[in-house]
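Asks: What follows is a structure written as structure tokens; I'll ask about it next.
The values are calculated or read from the model by the stated rules, or taken from the named source; none is laboratory data. The model shown is predicted, which means the values in this text are computed figures rather than measured ones. All Cβ positions, even for glycine, are placed from backbone atoms using ideal geometry, and neighbour counts span all protein chains on display. What goes into the accessible areas is simple: the full protein's heavy atoms, side chains included, and nothing from ligands, DNA or RNA. Shrake-Rupley method; radii C 1.70, N 1.55, O 1.52, S 1.80 Å.
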Amino acid sequence: MAKNLIKNPCGEEGLEHWELVENGGDEWKVEDLPGDCGAPFPSDGVSKYFVTSFELCKKSQLIDLLQEGFTEEVLDAQPNIVVSDWYGARTDCGCCYELRAQLLSDSRDVISEYCSENITVPENTDGAWNQISHTFSEYGPGVRFIQFTHSGQDAVYWKGWYGARMTNSSVTIEV
């Protein structure tokens, strides 16, 4: 199993290791699963999640691949890079969610990028967790960093933490 390069993927350390790009509304918060009007996570080992508020909340991690122990030769061989995230909504409030991942050069120029559509989860759903995943392949040599960013907010502008929920984020390199 490849090592997850995302630090603190489930909020066990609060917001540690994450850059808060947007912190709107009542700001980011970490809650215990399943949370109010939520569903249990579909696998063991995940007990917390990040939750957004009524204005845009966006957070990001920059992964330095050389610092993580990968060599330029390994990276320039273009191994598959898999980004994955889990998102969900409360049963009583809809939300919006988006995932963006960028493969960057040593000067932080974008070599390849994935951006999900802006996913809207309607209210009155079952609160189930959904996985989103993308595999980068044949992206060209020169990747030295990965920028992982996800964002969300609620769909009805309610005060508090009724927005998109995210957990178990991962970035892995298949070598």
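Asks: Pull out the extension gain between Ser116 and Ser43, defined as 0.36 nm times the separation in residues minus the alpha carbon to alpha carbon distance; nm, one decimal. Show your work: numbers first, answer last.
Replies: Numbers: separation 73, 0.36 × 73 = 26.28 nm, distance 2.36 nm.
Full extension of this stretch gives 23.9 nm more.
Asks: Kindly state, to the nearest 0.05, the FRET efficiency for Val156 paired with Glu27, given R0 = 22 Å and r defined as their beta-carbon distance. All intermediate terms of the calculation are to be shown ahead of the outcome.
Replies: Values: r = 18 Å, r/R0 = 0.81.
After rounding to 0.05, the efficiency reads 0.80.
Asks: Now, a different point. Which value in deg cm²/dmol, rounded to the nearest 500, describes the helix-derived mean residue ellipticity at 222 nm for the chain, given -39,500 (n - 2.57) per DSSP H run of n ≥ 4 and division by the residue count? Provide the component values of the computation, followed by the final result.
Replies: Details: 1 runs with 5 residues, N = 175.
That comes out to -500 deg cm²/dmol.
Asks: Further, regarding this structure: Any idea what the dipole of the stretch 1-104 comes to, in debye rounded to 20, about its Cα centre with Lys/Arg Cβ at +1 and Asp/Glu Cβ at -1?
Replies: Working: 8 positive and 20 negative charges, 42 e Å.
Dipole size: approximately 200 debye.
Asks: Could you rank the peptides 159-165, 37-43 by their average count of other C-beta atoms within 10 Å per residue, with the highest value first?
Replies: Working: 159-165: 23.6, 37-43: 14.9.
In descending order of packing, they fall as 159-165, 37-43.
Asks: What residue among Gln67, Gln147, Gln78 shows peak mean-square fluctuation when the chain is described by a Gaussian network model with Cα springs under 10 Å?
Replies: Maximum fluctuation in the GNM of the chain, among the listed residues, is at Gln67.
Asks: With the crude spin-label approximation of a point 7 Å out along Cα→Cβ, what separation in nm comes out for Tyr139 versus Thr91?
Replies: Spacing of the two 7 Å Cα→Cβ label points: 3.9 nm.
Asks: Compute the orientation-averaged projected area for the chain from the convex hull of its Cα atoms and round it to one decimal in nm². Don't skip to the answer; put the middle values down first.
Replies: Values: hull surface 37.8 nm².
Averaged projected area of the chain's Cα convex hull equals 9.5 nm².
Asks: Here's a follow-up. What does the extension gain come out to for Ala77 and Ser105, with contour length at 0.36 nm per residue minus their alpha carbon separation? Can you show the working numbers first?
Replies: Values: separation 28, 0.36 × 28 = 10.08 nm, distance 1.43 nm.
Full-extension gain reported as 8.7 nm.
Asks: Give me the percent of accessible area attributable to carbon and sulfur for the chain, probe 1.4 angstrom.
Replies: Details: 3700 of 8290 Å².
That fraction is 45 percent.
Asks: Given the Cα-Cα distance of Ser60 and Lys7 and 0.36 nm per residue of separation, how much length would full extension add, in nm?
Replies: Working: separation 53, 0.36 × 53 = 19.08 nm, distance 1.08 nm.
Difference between extended and current length: 18.0 nm.
Asks: Within the stretch 107-175, which GluC sites (Glu not before Pro) sit in a loop by DSSP and count at most 16 neighbouring Cβ atoms inside 10 Å?
Replies: Working: sites: Glu113, Glu117, Glu123, Glu138, Glu174; in loops: Glu117, Glu123, Glu138.
Hits after loop and neighbour filter: Glu117, Glu123, Glu138.
Asks: Rolling a 1.4 Å sphere over the protein heavy atoms, what is the accessible area per residue of the stretch 20-158, to the nearest Å²? Spell out each step's value before the answer.
Replies: Details: 6430 Å² over 139 residues.
Ligands and nucleic acids excluded, the figure is 46 Å² per residue.
Asks: Could you list the trypsin sites (Lys or Arg not before Pro) in the stretch 88-156 that lie in coil according to DSSP, counting only those with at most 12 other Cβ atoms within 10 Å of their Cβ? Write out the running numbers ahead of the final one.
Replies: Values: sites: Arg90, Arg100, Arg108, Arg144; in loops: Arg90, Arg108, Arg144.
For trypsin sites (Lys or Arg not before Pro) across the stretch 88-156 that sit outside H, G, I, E and B with at most 12 neighbouring Cβ atoms in 10 Å, the list reads Arg108.
Asks: Choose one answer from Glu73, Glu19, Glu31: the residue with the largest mean-square fluctuation in a GNM of the chain with alpha-carbon springs under 10 Å.
Replies: Highest fluctuation among the options: Glu73.
Asks: Which one of Gly45, Cys57, Pro34 is farthest out on the positive end of the charge dipole of the stretch 29-71, using unit charges on Cβ (Lys, Arg +1; Asp, Glu -1) and the Cα centre as origin?
Replies: It is Cys57.
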